[in-house]
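The values are calculated or read from the model by the stated rules, or taken from the named source; none is laboratory data. Note that the structure is predicted; figures quoted are calculated from it, not measured. Reconstructed Cβ throughout: ideal geometry from the backbone, glycine too, with neighbour counts over all protein chains shown. Only protein heavy atoms, including side chains, enter the accessible area calculation; ligands, DNA and RNA are left aside. Shrake-Rupley method; radii C 1.70, N 1.55, O 1.52, S 1.80 Å.
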Amino acid sequence: MITTLIEPATGEPLTDVPRVSVDDVDRAVRNAQRAFTGEWRRINTRDRARLMNKLAALIRENADELATMESRNVGKPIRDSRDEVGLAANVFEYYAGATNKIGGQTIPGAASGVLLSFREPVGPCGIIVPWNFPIAITSWKSAPALAMGNTVVLKPAEQTPLTAMRLAELALEAGFPEGVFTVLTGSGSEIGEAIIKHPLIRKVAFTGSTEVGMNVMRLAADDIKRVSLELGGKSANVIFDDCDFDRAIASAASSSLGNAGQDCCARSRVLVQQSIYDKFSKALVDAFHAINVGDPLRDETEMGPLVTTSHRERVMQYIDKGKAEGATLACGGEVPSQRGSYLSPTVFLDAKPEMTIVRDEIFGPVVAVMPFRDEAEAIALANDSLYGLSGSIWTRDIGRALRVARAIETGNLSINSGSSVHLEAPFGGVKRSGLGRELGLQALDHYTEWKTVYIDTQS
Ligand code: NDP
C-alpha cells in the first residue's frame, strides 16, 4: 500500500511513500526490543556519542537536500527549513554530549550498607510526530531517547514523512545498529495506535492536537506506559504602551505568521494596552500586508501555503466564525487565486474573550487582537485559556515584565522577544498544552528510569 503526498505549493502529487501494516509495527517493535537488550545496550557511552555526532554531521552534509524536501513536503519557506535542519543537527550534538555525563548517585543511608542509584534506559520508545515541524520534532524526541540508550520506533504524520524517512537512512549510514531507530509510515489511527498499544513499547512521546493527545494518554494508561505530550496552544502576546513599538509590531507579525501560523507557539491572541490600541492595530495590519507570501523555495518568501487544502478549509471555517461572532476582519481572510493551499494573513480586531477565534487553536495565519486597560486585566485575559504553552510580554519596565511573566500560566514565555524554543532549556506546556518537558537536560528524565541498589556491607 502507498500514500501519494501532495505538494502544498502546487497541489500536484509530490511522491509516493509506502504505508506499513500493523504486522510491520509488531516486527519493528520486536527488532527495537532485540536491539535494546542486545548490541545497543553493550555499546559504551563514548561510542554512542560518536554515532550521534556522526548523524549530526550527516544531517549537515545533506542539509540542502533535507531542507528542500521539508519545504516541498510541508510548504514552509526554505529559509525556515534550513534553520530547522540545522537545529536537528544541533540537537543530536547536544544530546551526544549527555551520553557520558548523566549518571546515578551514591546516597548516604544506613551505616551498614551502601545505597547506589543508576539511571537506566526505559526501553523501546514509541514516538509520534506531527506535520508542522517534522525534522525538528523528530530530533527533539529521538536524540535524548537514543542518548540514554533507548531504541526508537517513530511515526511521522502521514502527509509529511519524508525527512524522518531520510533521517532513518542517515542513521544507518552513521552506523547505528539495525532496529535502534526505525521510522514507520501510515495513519495515526492505525499505525500510531498500534505503536502506542504494543506491549514492548515502554514510553510514548507525542506532539500533536490536544484531542489526540488525550487519546494517547488513555491508550498508554492500559500498560502504565510513561507519556509525554506536547499539545496545542493559544498563546498571548501582551503589548504594554511603553514597549519598543517597531520591534513589537515586527514580532507580532513574525510570531503569529511563522510556519503560516501552524505553530503550537503562535502568538495568536494579541493583547494591546488601550492607550496604543488604535495605533498598534493599524501598524499590525500594515505589517501583515507586507508579509512576502509565495513559493516556499524562494529565499525571500516569509510565508508559504498551508499544509493541505483540507487544513485550509478548517482554518476558513474559523474565519467565518470570527466574522459571524462579530469580530472586525481588518485584513486577509481570503483564498488567493494562485494554485496551492495558500491563505492570506488575517487580522481580526476588537475580538472578545468568549469568541471562538480567541478560544480555539486555529493553526493558521490568523490573529485576534483585543484591548486591555491595565496589568491586572492583561494577566486575566492571558490566563483565560485552556492552553498554556508560550507567549510574549512587551514592555521596558523590567519589574512589570517579571511580575507579569510570573503570573501568566504557561510553560515558556519571552520578554521583548517572540522566541519559544531554546535547545538548552526545557520546553513544554501547562494545562491542555501538555505534560512533561522536551529539550534541555530535563528531556532526559523521560528516557531514564532511576534504579536503586542497596549493598549490605555487614561482615
Ligand atoms: P493530530 O494530533 O491528528 O496529528 C499529530 C500526529 O498524531 C500525527 O502523526 C498523526 O498521524 C498522529 N495521530 C493521529 N491520530 C492518532 C491516534 N489516534 N493515535 C496515535 N497517533 C495519532 O493533528 P492534526 O494533524 O490532525 O492537526 C489537527 C490540529 O491539531 C491542528 O490544527 C492543530 O490545532 C493541532 N496540532 C498541534 C500541533 C502541535 O505542534 N502542538 C501539531 C499538529 C497539530 P497522521 O497524521 O498520520 O494521522
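Taking the C-alpha atoms only, the angle from helix 22-37 to the longest principal axis of the chain is near 60 degrees. Per residue, region 385-433 exposes 45 Å² of accessible surface when a 1.4 Å probe is rolled over the protein heavy atoms with every protein chain present. Remark: region 439-450, residue by residue, has Karplus-estimated 3J(HN,Hα) of 6, x, 6, 4, 4, 5, 4, 5, 10, 9, 10, 6 Hz, where x stands for each Gly or Pro and the curve is 6.51 cos²θ - 1.76 cosθ + 1.60 at θ = phi - 60°.
Comparing Cα centroids, region 301-356 and region 401-449 end up 28 angstrom apart.
For region 80-168, a Kirkwood hydrodynamic radius built from all Cα pairs, placed in the Stokes-Einstein relation at 4 °C and 1.567 mPa s, yields a translational diffusion coefficient of 87 µm²/s. Distance from the C-alpha centroid of region 94-157 to that of region 175-213: 16 Å, rounded to the whole angstrom.
Expressed as a whole percentage, what fraction of the accessible surface of region 1-156 belongs to carbon and sulfur atoms when a 1.4 Å probe is rolled over the protein heavy atoms? Carbon with sulfur: 50 percent of the solvent-accessible area.
Excluding Ala67 itself, calculate the net charge of residues whose Cβ lies under 12 Å from the Cβ of Ala67, where each Lys or Arg counts +1 and each Asp or Glu counts -1.
Numbers: positive: Arg60, Arg72, Lys76, Arg79, Arg82, Arg166; negative: Asp64, Glu65, Glu70, Asp80, Asp83, Glu84, Asp299.
Computed value for this residue: -1.
Shape analysis of the chain based on the Cα gyration tensor places the equivalent ellipsoid semi-axes at 39, 27, 19 Å, largest first. The radius of gyration of the Cα set in region 96-223, together with its Dmax, comes out at 17.0, 60 angstrom. Take region 1-42 with all the other protein chains still there, run a 1.4 Å probe, and you get 58 Å² of accessible area per residue.
Only bridges whose two residues both fall in region 169-289 count here: according to DSSP, what percent of them are antiparallel, nearest 5? Display every interim value, and only then the final one.
Details: 0 of 9 bridges.
For region 169-289, the DSSP antiparallel bridge percentage is about 0.
Of all accessible surface on region 311-459 at a 1.4 Å probe, what whole percent is carbon and sulfur? Carbon and sulfur: 51 percent of the exposed surface of region 311-459.
Among residues other than Ala143 whose Cβ falls under 12 Å from its Cβ, what is the net charge (Lys/Arg +1, Asp/Glu -1)? In short, 0.
P(r) for region 285-388, from all Cα pairs and a bin width of 10 Å, is 14, 42, 32, 11, 1 %, short bins first.
Answer rounded, prolate or oblate for region 322-445, using the Cα gyration tensor with square roots of eigenvalues a ≥ b ≥ c: rounded when a/c is under 1.5, else prolate when a/b is larger than b/c, else oblate.
oblate
In a Debye calculation with equal point scatterers on the alpha-carbon sites of region 285-327 and no solvent, what is log10 I(q)/I(0) at q = 0.26 Å⁻¹? Log10 I(q)/I(0), no solvent term: -0.94. Which shape class applies to region 24-93: rounded if a/c is under 1.5, otherwise prolate when a/b exceeds b/c and oblate if not, where a ≥ b ≥ c are the square roots of the Cα gyration tensor eigenvalues? In terms of gyration-tensor shape, oblate. Only helices enter the 222 nm calculation for the chain: every DSSP H run of n ≥ 4 contributes -39,500 (n - 2.57), and dividing by all residues gives -12000 deg cm²/dmol, rounded to 500. Rounded to the nearest 5, the antiparallel percentage of DSSP beta bridges internal to the chain is 40%. For Lys234, the lysines whose Cα comes closer than 29 Å to its Cα, not counting residues fewer than 8 places off in the same chain, are Lys76, Lys141, Lys155, Lys203, Lys225, Lys279, Lys282, Lys321, Lys323, Lys352, Lys431.
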